[in-house]
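This report concerns only the one structure given below.
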Amino acid sequence: MQENMKNDPMKFIFGMMVESSLEVAQGVHEIINKYKANNIDVVPISDLEKILHKGVEKTMKEGSLTKHLLGEMK
């Protein structure tokens, strides 16, 4: 059973989901506050795309939860 846990791709997917979701949520929260403070109701798509990209980028950085889980799968 432990061998199956090490090869479980769901661990990798879960790590990516958690890390990227947290990063994106933080970025969206910050951008909402930034635009709200300036009384702006429209957020450029390019700013949102940057936040999404940053979320995925976070999962591939050295020391990330996702990288750790990927290492366990090898």
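Here are some notes:
- Close pairs from region 12-35: first touching a residue at least 40 places away in the same chain (Cβ under 8 Å), partner β-branched (Val, Ile, Thr) and assigned to a helix (DSSP H, G or I), Cβ under 6 Å, at least 6 apart: Gly15/Thr66; Met16/Thr59; Met16/Thr66; Glu19/Thr59; Glu19/Thr66
- Residue match in region 12-27 (condition: part of a loop (DSSP other than H, G, I, E, B), hydrophobic (A, V, I, L, M, F, W, C) and either touching a His at 6+ places or on another chain (Cβ under 7 Å) or open to solvent by less than 50 Å² (accessible area, probe 1.4 Å) (or both)): no
- The residues of region 33-55 that are open to solvent by 80 Å² or more (accessible area, probe 1.4 Å) and of a type in the set (Val, Ile, Thr), listed by number, are Val42, Ile45.
- In the condition set (1) touching a residue at least 40 places away in the same chain (Cβ under 8 Å); (2) loosely packed, with under 15 Cβ neighbours inside 10 Å, Leu65 is compliant with all but (2).
The values are calculated or read from the model by the stated rules, or taken from the named source; none is laboratory data. Just so it is clear, the model here is predicted, and its values are computed rather than measured. Cβ atoms come from the backbone with ideal geometry, glycine included; neighbour counts cover every protein chain shown. Just the protein is used for accessible areas: all its heavy atoms, side chains included, with ligands, DNA and RNA removed. Shrake-Rupley method; radii C 1.70, N 1.55, O 1.52, S 1.80 Å.
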